[in-house]
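Scroll down for the structure; my scribbles are underneath it.
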Amino acid sequence: MKLFLDTANISDIKRLNGLGIVDGVTTNPSWVSRDSKGRSFKAIVQEICEEVKGHVSAEATAIDTEGMVKEAREISSWAQNVVVKLPTTEAGIRALKLLSHEGIKTNMTLVFSANQALLAGKLGATYVSPFIGRLYDAGYDGMQLVRDTVRIFRNYGFETKVLAASFREPREITAAAIAGADVATIRPEQMDQMIRNPFTDAGLKSFLESWEKMGNK
Ligand code: E4P
């Protein structure tokens with residue numbers, strides 16, 4: 001499973017990309033607004049695209065098809081590895097059809113049902129993003145949506161990748177991998193939680209104490 005960082009924070013992206021574990025990045029208007037520091041959307045996206053070799057999702061903000069297509073053409077010209085995020089609405093689905101024919105890479109976002117994912121897969125989206133955490137927040141089984149989507153795409157040989165999003169807890173990352181998600185996009189602090197484990201730290205401390213008892217430094 002690939003791991004994407006779900007952020008527009010360039011310091012976090014650089015720090016974790018240096019470990020060699022970042023396969024791509026997803027942004028959304030909330031992350032961009034949080035980390036813009038007065039810079040333009042284009043400048044932020046281009047900086048991330050230069051730092052990370054894999055796909056970087058940047059979201060269109062128009063809500064009508066014509067506006068989405070116009071924005072998507074513009075965003076896709078910013079970098080070779082940019083992917084345009086579109087909401088999975090009727091207007092977004094119409095835009096997806098047109099953009100798939102133009103060969104523009106797309107990430108259908110805000111997916112909350114397997115039927116929405118099926119439609120995006122049929123129209124050749126590059127990614128679909130089921131939002132696990134927001135479903136759990138509302139009392140639904142978020143991971144079941146990932147399992148269903150993976151099964152449907154395998155049944156019909158769709159090339160669209162399942163990009164699990166909106167994680168709340170580290171164990172959901174493991175569950176997404178077991179479910180067969182192609183990608184999990186996670187917050188920088190969640191990637192930190194994957195790396196660090198208090199049992200590892202405690203074990204290392206006790207081993208080093210034993211070593212020092214032998215007179216080693
Ligand atoms: C995915 O692309 C989204 O940016 C993200 O995962 C949303 O997560 P949230 O539900 O924590 O806002």
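Here, each number is a calculation from the coordinates, and none is a lab measurement. Every value quoted in this text rests on a predicted model; they were computed, and no experiment measured them. Glycine also receives a Cβ, built like all others from the backbone with ideal geometry; neighbour counts cover every protein chain displayed.
Arrange Leu5, Leu135 by Cβ neighbour counts within 10 Å, fewest through most, would you?
Final ranking by Cβ density, sparse to dense: Leu135, Leu5.
So what J values fall out for the range 10-22 if you push phi through Karplus, 6.51 cos²θ - 1.76 cosθ + 1.60 with θ = phi - 60°, rounded to Hz, Gly and Pro as x?
5, 5, 4, 4, 5, 4, 7, 5, x, 7, x, 10, 9
Enumerate the amide H contacts of Glu59 below 5 Å, restricted to partners 5 or more residues apart or on another chain; note that Pro and chain-start residues carry no placed amide H.
Amide H to amide H, under 5 Å and 5 or more residues apart or across chains, Glu59 pairs with Lys85.
Output the peptides 95-101, 64-70 sorted from most to least packed, where packing is the average of other Cβ atoms within 10 Å over each peptide's residues.
Answer by packing, highest mean first, reads 95-101, 64-70.
If I take all pairs of Cα atoms in the range 68-115, what percentage of them are more than 12 Å from each other? Please report the intermediate quantities before stating the final value.
Values: 660 of 1128 pairs.
In whole percent, the long-distance tail amounts to 59.
Could you compute the net charge surrounding Lys97? Neighbours are other residues with a C-beta less than 14 Å from the C-beta of Lys97; K and R count +1, D and E count -1. Write out the running numbers ahead of the final one.
Working: positive: Arg94, Lys122; negative: Glu66, Glu90, Glu102.
Counting the neighbours of Lys97, the net charge comes to -1.
Round to the nearest 10 and give me the degree value, 0 to 90, for the angle of helix 90-101's Cα axis relative to the longest principal axis of the chain.
Relative to the chain, helix 90-101 is tipped by roughly 90 degrees.
Which residue, chosen from Gly157, Leu208, Met108, occupies the Cα position most advanced towards the positive end of the dipole of the range 92-217, where the dipole is computed from +1 (Lys, Arg) and -1 (Asp, Glu) charges on Cβ about the Cα centre?
Gly157
Quick one: if you stick a label point 7 Å off each Cα along the C-beta vector at Thr89 and Tyr156, how many nm between them?
Inter-label distance under the simple model: 2.4 nm.
Please turn the phi angles of the range 196-211 into ³J(HN,Hα) values with the Karplus equation 6.51 cos²θ - 1.76 cosθ + 1.60 (θ = phi - 60°), one per residue in order, whole Hz, x for glycine and proline.
After applying 6.51 cos²θ - 1.76 cosθ + 1.60, I find 8, 9, x, 5, 5, 4, 5, x, 5, 4, 5, 4, 5, 5, 4, 5 Hz.
Which Cα, out of Gly92, Gly67, Asn17, lies furthest along the positive dipole direction of the range 1-99 (beta carbon charges, K/R +1, D/E -1)?
Working it through, the farthest residue towards the positive pole turns out to be Asn17.
Given the -39500 (n - 2.57) contribution per DSSP H run of 4+ residues, what per-residue ellipticity at 222 nm results for the chain, rounded to the nearest 500 deg cm²/dmol? Please list the in-between numbers first.
Values: 11 runs with 114 residues, N = 217.
Helix contribution divided over all residues of the chain: -15500 deg cm²/dmol.
Between helix 65-76 and the chain, what is the angle of the helix's C-alpha long axis to the longest principal axis, kept within 0 to 90° and rounded to the nearest 10?
Compared with the principal axis, the helix lies near 50 degrees.
What dipole magnitude, in Debye to the nearest 20, does the range 2-213 give about its Cα centre under +1 on Lys/Arg Cβ and -1 on Asp/Glu Cβ? Write down the numbers at each step before the final one.
Values: 26 positive and 26 negative charges, 48 e Å.
The calculation lands at about 240 debye.
Run the numbers on the chain and let me know its relative contact order in percent, using alpha-carbon pairs under 8 Å that are six or more apart. Provide the component values of the computation, followed by the final result.
Working: 373 pairs, mean separation 36.9, N = 217.
Contact order relative to length: 17 percent.
So what is Rg over Rh here for the chain, counting just Cα atoms and using Kirkwood for Rh?
On the way: Rg = 19.4 Å, Rh = 18.2 Å.
Expressed as Rg/Rh, it is 1.06.
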